[in-house]
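The values are calculated or read from the model by the stated rules, or taken from the named source; none is laboratory data. No experiment lies behind these values; they were computed from the predicted model shown. Cβ atoms come from the backbone with ideal geometry, glycine included; neighbour counts cover every protein chain shown.
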Amino acid sequence: MPLIEVKDLKKTYRIGDVDVPALRGVSFSVEPGEFVAIMGPSGSGKSTLMNIIGCLDRPTSGKYMLDGHDASKLSDAQRAGVRNRKIGFVFQSFNLLPKMTALKNTMLPMMYSGERGNKKLALQALESVGLGKRTHHTPMQLSGGEQQRVAIARALVNDPPVMFGDEPTGNLDTTTGEEIMAIFQSLNNAGKTVIIVTHEPDIAQHCKRILRFRDGLLESDEAVKDQLVATPKRAT
Ligand code: ADP
């Protein structure tokens, strides 16, 4: 059973009297354990697609199955629940709460799940991204790469079947971006499904499959030949 399956997905935004088609009929599926890059020029529909498959928004029409459930028909509250259990999000701008320590930031998704206050799981997640010694630092006391690693720990803490990265290396220099890709690759090697949006061909080359979008349509869907293996992260 695919983890993600979209069929003839369409999304049209209405601005005043004008319909803006952002997705014009997109179909593909992602099996458990895949590592997918989503690419395409600005305006091609990548964010719209990520918002829908990330359960942040609803399609205008078409079908979206997530882990065997029809996510296109869920209420807002149901979508929020599915999002919290099934998906770990990592954003370009990290989105950490500035006054909270790495540990507290990592524990945030547990506030909404049954694991409220399970410090041990949060510490394990931080250790798995090499931040076991930075748990009491606030974001200001961490480098960009470390902040993104906290964001990855936060995304992992509820052990969701799929991780979504929206330009996760977009604010980082090449070396640090490589470290972040090393973490995604090790998660993927351990069986986690990973889907990232990226503009950078070098970053996409670290994935196993590239979906290219143009004008709201899936233009190509190819396996990556000669996948780049990221060098392991620096010791912390
Ligand atoms: P990308 O992420 O590839 O840059 P988007 O999904 O953001 O593409 O945009 C696809 C199209 O939908 C663009 O024409 C964009 O202007 C339009 N669009 C995206 N979001 C909205 C919105 N909230 N309201 C109206 N139009 C939107």
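Among the residues in segment 181-196, are any in contact with a strand residue (DSSP E or B) (Cβ under 9 Å, 6 or more places away or on another chain), of a type outside the set (Lys, Arg) and closer than 21 Å to Ser42 by Cα? Yes: one or more hits. Scanning segment 15-24 for residues that are assigned to a strand (DSSP E or B), without any contact (Cβ under 8 Å) to a residue 40 or more places away in the chain and more than 8 Å from the ligand (Cβ to nearest atom) yields Val18, Asp19. Taking the criterion of being assigned to a helix (DSSP H, G or I) and surrounded by fewer than 17 Cβ atoms within 10 Å (Cβ to Cβ), the residues of segment 122-143 that qualify are Gln124, Glu127, Met140, Gln141. Of all residue pairs spaced 6 or more apart or on separate chains, those with beta-carbon atoms under 7 Å, a first member in segment 39-50 that is assigned to a loop (DSSP other than H, G, I, E, B) and near the ligand (Cβ under 7 Å from one of its atoms) and a second member that is acidic (Asp, Glu) and at pLDDT 95 or above are Ser44/Asp215. Taken over segment 219-232, the criterion of being assigned to a strand (DSSP E or B), over 19 Å from the mean Cα position of the chain (by Cα) and in contact (Cβ under 8 Å) with a residue 40 or more places away in the chain is satisfied by Glu219 alone. Note on segment 215-232: residues that are at pLDDT below 95 and either among the hydroxyl-bearing types (Ser, Thr, Tyr) or within 16 Å of the ligand (Cβ to nearest atom) (or both) total 1. Scanning segment 82-101 turns up no residue that is within 16 Å of the ligand (Cβ to nearest atom) and more than 24 Å from Phe184 (Cα to Cα).
Within segment 4-14, being over 18 Å from Ile210 (Cα atoms) and within 16 Å of the ligand (Cβ to nearest atom) holds for Leu9, Lys10, Lys11, Thr12, Tyr13, Arg14. Can you confirm whether Arg58 is away from the ligand (no atom under 12 Å from the Cβ), farther than 30 Å from Leu142 by Cα and modelled with pLDDT under 95? So Arg58 passes the test. Kindly evaluate Met1 against the criterion of being over 25 Å from Ala151 (Cβ atoms), part of a strand (DSSP E or B) and more than 14 Å from the ligand (Cβ to nearest atom). Taking the combined requirement at face value, the residue does not satisfy it. Check segment 192-199 and report whether any residue there is within 16 Å of the ligand (Cβ to nearest atom) and outside any strand (DSSP E or B). Within segment 192-199 (the criterion being within 16 Å of the ligand (Cβ to nearest atom) and outside any strand (DSSP E or B)), the answer is yes, since at least one residue qualifies.
Being under 15 Å from the mean Cα position of the chain (by Cα) and either farther than 26 Å from Val82 by Cβ or not in a strand (DSSP E or B) (or both) is a property that holds for Met181. Take the residues in segment 68-115 that are among the polar types (S, T, N, Q) and in a loop (DSSP other than H, G, I, E, B); name whichever of them is modelled with the highest pLDDT. That would be Thr101.
Is one or more of the residues making up segment 202-214 among the small types (Gly, Ala, Ser), modelled with pLDDT of 95 or more and farther than 26 Å from Phe28 by Cα? No, there is no match, as no residue in segment 202-214 is among the small types (Gly, Ala, Ser), modelled with pLDDT of 95 or more and farther than 26 Å from Phe28 by Cα. Out of all the residues in segment 63-70, is one or more among the small types (Gly, Ala, Ser), in contact (Cβ under 8 Å) with a residue 12 or more places away in the chain and at negative phi? Looking through segment 63-70, none of the residues is among the small types (Gly, Ala, Ser), in contact (Cβ under 8 Å) with a residue 12 or more places away in the chain and at negative phi.
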